[in-house]
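Below: the structure, in structure tokens.
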Amino acid sequence: MERRLFLGRMAHGLALALAWPLTTHAAARPLRIGLTPAFLHDRHGLMAEWQAYLEQQLGRPVKFVLRDSYSDTMNLIKQGQLDAAWLCDYPYVLMKSRVRLLATPLNEGRPYYRSYLIVSALDTTTKSITDLAGKVFAYADPFSNTGYLAPRYELTRRGVDPRGHFRKTFFTWSHRKAVEAVALHLADGAAVDSYIWESLAKVEPDLTRRTRVVTRSVEFGFPPFVANNTLAEADYQALRRVLMEMAKNAQGRELLAKLHLDGFIEASPALYANVEEMVRLAGERPNADF
Amino acid sequence: MRIFDLSFRFKIPLWGSALIAVTALILSLSFVAQSYDDLKRDMLGGSESLGRTLVRTLYTTLLHDDTWRAFEIVNAPYQGGVRHGNFQAEGLIVLNGLHQVFVSSQPDTWPLLANMKQLGPAYAALDQRIGGARANDSVTLEAGGKILLAIPLVADGIVLGHLVLVHPADFYWPRFRALILRALAITALVLAVLLPINWYWGRRMAIPLVQLSRRMDELGRRLPEPLSASAYAYRDELGHLFRTYDRMLAELVEKEGLEQQMVKADRLAALGRLTAGIAHEINNPLGGLLTALDTLKRHGRHDPVLDRVVPLLERGLNQIKDIVAALLVEARIQSRALTRQDVDDVHTLLAQEVKKRAVAWEWHNGLEGTAELPATLVRQVLINLLLNAVQAAGRNGRVSARILATPGGLRIEVGNDGRCIPPELMEHLFEPFTGRNEEGHGLGLWITYQIIQQLHGRIDVDSREGWTRFVVELPEGEAPCLSVESA
């Protein structure tokens, strides 16, 4: 009797496992959420906690998919391998036709962030990005707003061609590492996400203390959570609701504190209008189909 | 004093110690010198193999111009500011094809895109060496307090750049120092074990030699003491030398004893001849005088003066006769062979005297039957020795007499527990009038000696505290045919 039951369960499990990639059964398939260097995505303990929270709230498995570059995550969205993602605003603008906004996090109570131009703390002379002519400059990611688009837009705005301005540029593939590159004097300057820099200033003050913020850009809409167009409406609403309600329970608030966020609000495309404008003006539209 | 004149007591241990120390030092030094080369080569080899591993991952970053990834790779060994275990390079530099710094572990020291020439003369020299080297060959250069090791980043025979491992010139020093300390500790340990052994062994060799040398030194002046048997108990050349020395010394002692005996015998013989001669010369007129006196007594007139003088003369002449007779020991062979009874008679004869003096005596007559020896003379010898012994033992003393038949002769042992004979007396013991005292004329031992000489025997005295013993050996059957006058 027991043996037959056991064999029966085995067969059922096997069938499920084989059918898994094709099945659309909501309870069995995990919700796949892409995470990018838009936040400190190397804090694995925190992410495990957050994942468990989302699973509990959604009542279904959640899988975080980590990638070190925005383009990887963007490709996964494009290929339908992600249901949702925490993207930078620049990729969002580029992928507008493929995704819809889920929610925008609140940083310091507001849904905005900036681009910080940082140099070594030992460099006391640099006043603006133009002073870094002929120096080594670190970008975070070619699809980062604050770490790539904003400084290049700034240069363009000042009538400087960003392509010849620096002696050498390189990508660190994360804002955090861009801070490190400057702190270790590998690069003379870098442009980083203000949210990341401020979070680091709390978590690793020794690192940020070795850098100096030269200029702060205008405010941009905070990197939003977006849902793939392929995500079912019910799932979209469920995820949106869970995010919006995070600040309403103790466990959620605790997580938000660790993420250095205050909560989520309804995302509106208007928040990202100035990014779209920059993309248009700077002509920095990569020759890729997103 | 020169070092080579030192006593063996110091020289052997010192030489041994010096040899051991020099050997240990040379061994340690050669070991250290060998290790120095090995260590330097091994550590550079270790560095190169680590470098070759890094090169494989760095190659792609250079190809993709991925500065940050390259930095993460070269910076990995220095995470946390501490150099890891075996990784001895203090810094890593990746050079691009133009020999500029593509990335380095310490951008402060070796900034991005810096030319090798800007980094200092050592790097400039390396730059030239790299240019001349074949693809795939690493280049090592020691200059300016650094050891630089350049490993090319090669793919398909194309050199994309180089990985330069920068070592402080003394990067192997901490390990080398540990090695030296260990070598020193082992050397010290070896010396601590070997030196005391050497010292002990050296003295073990030297002390008997020194003793031997001292005794040889004494040899000319007096006979030295023999070496103690434990001084050197081995049967090697040294042991042989010591045994030979002891044998030589024993022979010398024996020879000296013999010489002394001979001198004594010669003296006694000369004395014998002299006394016999004198006695003989006195005897002849004495006979005449006594005869004349006799005649005077018998036929002389009575005269009050003569009556007073003649007995005086007679007593005086008789005393002279007695003494001359005693000095003239004549071994006339009118005697029969000695029997057991003759010996027992002596016992009986002296029993009274012994008793009078309250002397305890042990008597052993071992003679069975007869001995081919003149009974009168043997008895005379025995009586003389016993009387001497009884006198020497004194009141309540102890005397022992043993008469033994030996193969081919007779042995007489007479002992007493009286005072020992002083050495100065011992020297002239058998000479006439030597042992003179209130009880005898001092001729007893002289007569004894003369008799024994005539019987071709020998007499030995052994006198020590508490026991004095005379031993007489008489050969049987050698009848004396000469009187003492011609002895």
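Among the residues examined, A:Leu101 qualifies as more than 14 Å from chain B (Cβ to nearest Cβ) and either on the phi > 0 side of the Ramachandran plot or not in a helix (DSSP H, G or I) (or both). Of the strands (runs of 3 or more DSSP E) lying entirely inside segment A:149-255, the ones with 3 or more residues being within 14 Å of another protein chain (Cβ to nearest Cβ) are found at A:168-171, A:189-193. Residues being more than 22 Å from A:Gly45 (Cα to Cα) and either surrounded by 16 or more Cβ atoms within 10 Å (Cβ to Cβ) or not hydrophobic (A, V, I, L, M, F, W, C) (or both) are entirely absent from segment A:249-264. Answer yes if at least one residue in segment A:197-204 is buried (at least 16 other Cβ atoms within 10 Å of the Cβ) and not assigned by TED's automatic domain parsing to the domain that holds A:Asp131, and no otherwise. Checked segment A:197-204: no residue is buried (at least 16 other Cβ atoms within 10 Å of the Cβ) and not assigned by TED's automatic domain parsing to the domain that holds A:Asp131.
Condition check ((1) buried (at least 20 other Cβ atoms within 10 Å of the Cβ); (2) of a type in the set (A, V, I, L, M, F, W, C)) across all residues:
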residue	(1), (2)
B:Gln319	no, no
B:Leu338	yes, yes
B:Glu353	no, no
B:Val359	yes, yes
B:Val378	yes, yes
B:Leu385	yes, yes
B:Ser400	no, no
B:Ile421	no, yes
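Residue-wise test of (1) free of Cβ contacts under 8 Å to residues at least 24 places away in the same chain; (2) within 27 Å of A:Phe264 (Cα to Cα); (3) not assigned by TED's automatic domain parsing to the domain that holds A:Thr230.
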position: A:Asn107; (1), (2), (3): no, yes, no
position: A:Lys135; (1), (2), (3): no, no, yes
position: A:Gly147; (1), (2), (3): no, yes, yes
position: A:Arg163; (1), (2), (3): yes, no, yes
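Of the residues A:Lys202, A:Lys177, the single one that is basic (Lys, Arg) and touching a residue at least 40 places away in the same chain (Cβ under 8 Å) is A:Lys202.
Residues considered: B:Leu62, B:Leu92, B:Leu98. Of these, the only one that is in contact (Cβ under 8 Å) with a residue 60 or more places away in the chain and over 19 Å from A:Leu184 (Cα atoms) is B:Leu62. Just one of the listed residues (B:Gln88, B:Gln100) is surrounded by 14 or more Cβ atoms within 10 Å (Cβ to Cβ), out of contact with any Cys (no Cβ under 7 Å at 6 or more places or on another chain), closer than 22 Å to A:Val136 by Cβ and polar (S, T, N, Q), and it is B:Gln100.
Touching a Ser or Thr at 6+ places or on another chain (Cβ under 9 Å) and either outside the structural domain of B:Arg402 (by TED's automatic domain parsing) or over 29 Å from B:Val390 (Cβ atoms) (or both): is that true of B:Ala269 in this structure? Considered against the rule, which asks whether it is touching a Ser or Thr at 6+ places or on another chain (Cβ under 9 Å) and either outside the structural domain of B:Arg402 (by TED's automatic domain parsing) or over 29 Å from B:Val390 (Cβ atoms) (or both), B:Ala269 comes out as no.
Checked against the criterion of being in contact with a Pro (Cβ under 9 Å, 6 or more places away or on another chain) and away from chain A (no Cβ under 14 Å), the candidates B:Val55, B:Val32 yield just one match: B:Val55.
Within segment B:66-81, one or more residues are away from chain A (no Cβ under 14 Å) and in a helix (DSSP H, G or I). Selection of first residues in segment B:107-121 that are away from chain A (no Cβ under 11 Å) and of second residues that are polar (S, T, N, Q), restricted to Cβ pairs under 6 Å at least 6 apart or on distinct chains, gives the following pairs, ordered by first then second residue: B:Asn115/B:Gln100. Of everything listed in (1) within 30 Å of B:Leu179 (Cβ to Cβ); (2) at pLDDT 90 or above, the single unmet condition for B:Phe102 is (1). Looking at segment B:155-177, which of its residues are buried (at least 16 other Cβ atoms within 10 Å of the Cβ) and free of Cβ contacts under 8 Å to residues at least 40 places away in the same chain? Matches in segment B:155-177: none.
A residue that is assigned to a helix (DSSP H, G or I) and away from chain A (no Cβ under 14 Å) cannot be found anywhere in segment B:143-165.
The values are calculated or read from the model by the stated rules, or taken from the named source; none is laboratory data. Quick caveat: nothing in here was measured; it's all calculated off a predicted structure. Virtual Cβ from ideal backbone geometry, glycine too; neighbours counted across all protein chains shown.
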